[in-house]
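Below you'll find the structure, written out as structure tokens, and then a few comments.
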């Protein structure tokens, strides 16, 4: 975690410098593609700052008011980040539309130099953040990856402008960068919305989970299964488990077995189980409890 904190701090500093370099360079060279890329870099800075803040806040211990801790902060940060990027992309489309039919002259060499520097920084930052399962860190990584691809496109555009003098490629590249932004942003927004709306994690199938639990010795039925994510890498479930008439202490072995199974198979860390006795239910109500999930 200390390495991640250090890498995030360095990435924030470097991407901030790249933003100012690309923004001023875009104004100087009259390149909308470079200005669009600077907007992408600016969103990278915001994404990295949110990711760093989310990690620090989510590490706070839980308390009587916040019983699950502050892990959901990372999801709110990712959602805000994604929505903001969509707005930036729409603005880029608007500006590119005005330029594509009447492209102004662009200084290709200056664009080439600045975009190459940006590509180097984004490549370094992307390698440092690659492989993390945290949704907010993944969001920051996607920003940086998209910006690296955008820098490659800007470099290619600058070479074309230098060789041919055709500056129409500049607004065309802006549209491409905007499309990259939109794609990554929608994935981020939908991923965040799934967690906030408490959808089951994509890697967990409730029917498959129920069938596996029914194979455990002593489990006669499972119903009222609820599966959700607290954040991108912390998943929870609750369920009613039907068993024969047994002593309370005998349920401890079942709790350990079920908890270990769902942890290993489905990466579910928090498990809440309510045990019910089929025989008791029949005596009290006159009919058997439904086993449907």
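With respect to residue 22, is the statement that it is in contact with a strand residue (DSSP E or B) (Cβ under 7 Å, 6 or more places away or on another chain) and either in a helix (DSSP H, G or I) or in contact (Cβ under 8 Å) with a residue 24 or more places away in the chain (or both) true?
Numbers: in contact with a strand residue (DSSP E or B) (Cβ under 7 Å, 6 or more places away or on another chain): no; either in a helix (DSSP H, G or I) or in contact (Cβ under 8 Å) with a residue 24 or more places away in the chain (or both): yes.
Answer is no for this residue.
All but one of (1) without any contact (Cβ under 8 Å) to a residue 24 or more places away in the chain; (2) surrounded by 14 or more Cβ atoms within 10 Å (Cβ to Cβ); (3) closer than 25 Å to residue 86 by Cβ hold for residue 259; which doesn't?
Of the numbered conditions (1) without any contact (Cβ under 8 Å) to a residue 24 or more places away in the chain; (2) surrounded by 14 or more Cβ atoms within 10 Å (Cβ to Cβ); (3) closer than 25 Å to residue 86 by Cβ, the odd one out for residue 259 is (3).
Let me confirm something: among 126, 98, 53, which residue is assigned to a helix (DSSP H, G or I), surrounded by 19 or more Cβ atoms within 10 Å (Cβ to Cβ) and modelled with pLDDT under 85? Steps first, please.
Details: 98 fails: surrounded by 19 or more Cβ atoms within 10 Å (Cβ to Cβ); 53 fails: surrounded by 19 or more Cβ atoms within 10 Å (Cβ to Cβ).
126 is the lone residue from the list that is assigned to a helix (DSSP H, G or I), surrounded by 19 or more Cβ atoms within 10 Å (Cβ to Cβ) and modelled with pLDDT under 85.
For region 149-160, state whether one or more residues are surrounded by 20 or more Cβ atoms within 10 Å (Cβ to Cβ) and modelled with pLDDT under 80.
yes
Within region 205-224, how many residues are under 26 Å from the mean Cα position of the chain (by Cα), over 30 Å from residue 54 (Cα atoms) and surrounded by 14 or more Cβ atoms within 10 Å (Cβ to Cβ)?
1
Given the conditions (1) closer than 30 Å to residue 140 by Cβ; (2) in contact with a helix residue (DSSP H, G or I) (Cβ under 8 Å, 6 or more places away or on another chain); (3) at pLDDT 85 or above; (4) not assigned by TED's automatic domain parsing to the domain that holds residue 80, which single one is not true for residue 189?
Condition (4) is where residue 189 drops out.
Looking at the structure I just gave you, is residue 246 outside the structural domain of residue 47 (by TED's automatic domain parsing), part of a helix (DSSP H, G or I), more than 30 Å from residue 97 (Cα to Cα) and touching a residue at least 24 places away in the same chain (Cβ under 8 Å)? Don't jump to the end; show me each part of the working.
Details: outside the structural domain of residue 47 (by TED's automatic domain parsing): yes; part of a helix (DSSP H, G or I): no; more than 30 Å from residue 97 (Cα to Cα): yes; touching a residue at least 24 places away in the same chain (Cβ under 8 Å): yes.
Criteria not met by residue 246.
Which condition does residue 167 not pass, out of (1) crowded, with 19+ Cβ neighbours inside 10 Å; (2) assigned to a helix (DSSP H, G or I), if it passes all the others?
For residue 167, the exception is condition (2).
The values are calculated or read from the model by the stated rules, or taken from the named source; none is laboratory data. Computed from a prediction, not measured in an experiment: that's the story for all the values here. Note that each Cβ is placed from the backbone with ideal geometry, even for glycine, and that neighbours are counted across all protein chains shown.
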